[in-house]
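Enquirer: Structure below; questions to follow.
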Amino acid sequence: MTATAVTATDISTSSRERADLLETLAKHRGFLRFAVRNLTDEQARLTPTASALSLGGLVKHVAGVERGWADFIVRGTVAQELSPEKYAEFAADFVLADETLEGVLEAYEKVAAATDELIRTVDLDADHALPEAPWFEAGARWSNRRVIAHILAETAQHAGHADIIRETIDGQKTMG
């Protein structure tokens, strides 16, 4: 077996890719946090649209999803297997029950810091098999890069939901 030389281009591309992932994820996390700025816990629990989503529940959910997929990067398939207990936890992620918005945001910051460290250090090409589930293609594998892209997509999608909910509550918008 011969060693493959690592070039300066390889290093700069990898560093650039990681920087782009971190920057883009930070931007969308910022949109989500901006959507909940200056809210009371009561406002964070409101569900003013046709859905059952609340702003506090969305932050809690995004943190839980990010934590779960980061765990998948570290531990593999077992981290995404969905038992009845784990499904109940997943469903509860959308509800801000006894938690405070401040507490949920603090927890989210810890999750974000841990994910950011993974993005800086993990082998982006390493992959794991997805567990059997109706929403995953049978036999599919996701690279760590793909998992990070999924975290980014989830964050961006829910930041958009949060913007709509916030505008419904008091007219405030993230953009525009």
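Enquirer: So for region 112-129 (the condition being within 12 Å of the chain's Cα centre (by Cα), among the basic types (Lys, Arg) and surrounded by 12 or more Cβ atoms within 10 Å (Cβ to Cβ)), does at least one residue qualify?
Expert: For region 112-129, residues within 12 Å of the chain's Cα centre (by Cα), among the basic types (Lys, Arg) and surrounded by 12 or more Cβ atoms within 10 Å (Cβ to Cβ): absent.
Enquirer: Hey, among the residues in region 30-67 that are of a type in the set (D, E, K, R) and open to solvent by 10 Å² or more (accessible area, probe 1.4 Å), which one's nearest to the chain's Cα centre (by Cα)?
Expert: Arg67
Enquirer: Select from region 130-144 the residues that are out of contact with any His (no Cβ under 9 Å at 6 or more places or on another chain) and either under 17 Å from Ala70 (Cβ atoms) or among the β-branched types (Val, Ile, Thr) (or both) and list them in ascending order. Give the steps one after another, and end with the answer.
Expert: So in region 130-144, the residues out of contact with any His (no Cβ under 9 Å at 6 or more places or on another chain) come out as 130-140.
If the condition is that a residue be out of contact with any His (no Cβ under 9 Å at 6 or more places or on another chain) and either under 17 Å from Ala70 (Cβ atoms) or among the β-branched types (Val, Ile, Thr) (or both), then Leu130, Pro131 are the ones that fit.
Enquirer: Here is a further query. Hey, among Asp116, Asp163, Asp170, which residue is touching a Phe, Trp or Tyr at 6+ places or on another chain (Cβ under 8 Å), in contact (Cβ under 8 Å) with a residue 12 or more places away in the chain and under 30 Å from Thr40 (Cβ atoms)? Step through it out loud before you land on a result.
Expert: On the way: Asp116 fails: touching a Phe, Trp or Tyr at 6+ places or on another chain (Cβ under 8 Å); Asp170 fails: touching a Phe, Trp or Tyr at 6+ places or on another chain (Cβ under 8 Å).
Of Asp116, Asp163, Asp170, the one residue that is touching a Phe, Trp or Tyr at 6+ places or on another chain (Cβ under 8 Å), in contact (Cβ under 8 Å) with a residue 12 or more places away in the chain and under 30 Å from Thr40 (Cβ atoms) is Asp163.
Enquirer: Of the residues Ala92, Ala97, Ala140, Ala107, only one is within 30 Å of Ala19 (Cβ to Cβ), of a type in the set (A, V, I, L, M), touching a helix residue (DSSP H, G or I) at 6+ places or on another chain (Cβ under 9 Å) and open to solvent by less than 90 Å² (accessible area, probe 1.4 Å); which? Talk me through it step by step, then tell me what you get.
Expert: Numbers: Ala92 fails: within 30 Å of Ala19 (Cβ to Cβ); Ala97 fails: within 30 Å of Ala19 (Cβ to Cβ); Ala140 fails: touching a helix residue (DSSP H, G or I) at 6+ places or on another chain (Cβ under 9 Å).
Selected residue: Ala107, the only one of Ala92, Ala97, Ala140, Ala107 that is within 30 Å of Ala19 (Cβ to Cβ), of a type in the set (A, V, I, L, M), touching a helix residue (DSSP H, G or I) at 6+ places or on another chain (Cβ under 9 Å) and open to solvent by less than 90 Å² (accessible area, probe 1.4 Å).
Enquirer: Further question: Condition first: surrounded by fewer than 17 Cβ atoms within 10 Å (Cβ to Cβ) and closer than 20 Å to Gly160 by Cβ. Can you find one or more residues in region 71-81 that meet it?
Expert: no
Enquirer: Which numbered condition trips up Leu101, out of (1) modelled with pLDDT of 95 or more; (2) of a type in the set (A, V, I, L, M); (3) closer than 22 Å to Arg146 by Cα?
Expert: With (1) modelled with pLDDT of 95 or more; (2) of a type in the set (A, V, I, L, M); (3) closer than 22 Å to Arg146 by Cα applied to Leu101, the lone miss is (3).
The values are calculated or read from the model by the stated rules, or taken from the named source; none is laboratory data. Computed from a prediction, not measured in an experiment: that's the story for all the values here. When we count neighbours, we look across all protein chains shown, and the Cβ atoms used for this are built from the backbone with ideal geometry, even at glycine. Only protein heavy atoms, including side chains, enter the accessible area calculation; ligands, DNA and RNA are left aside. Shrake-Rupley method; radii C 1.70, N 1.55, O 1.52, S 1.80 Å.
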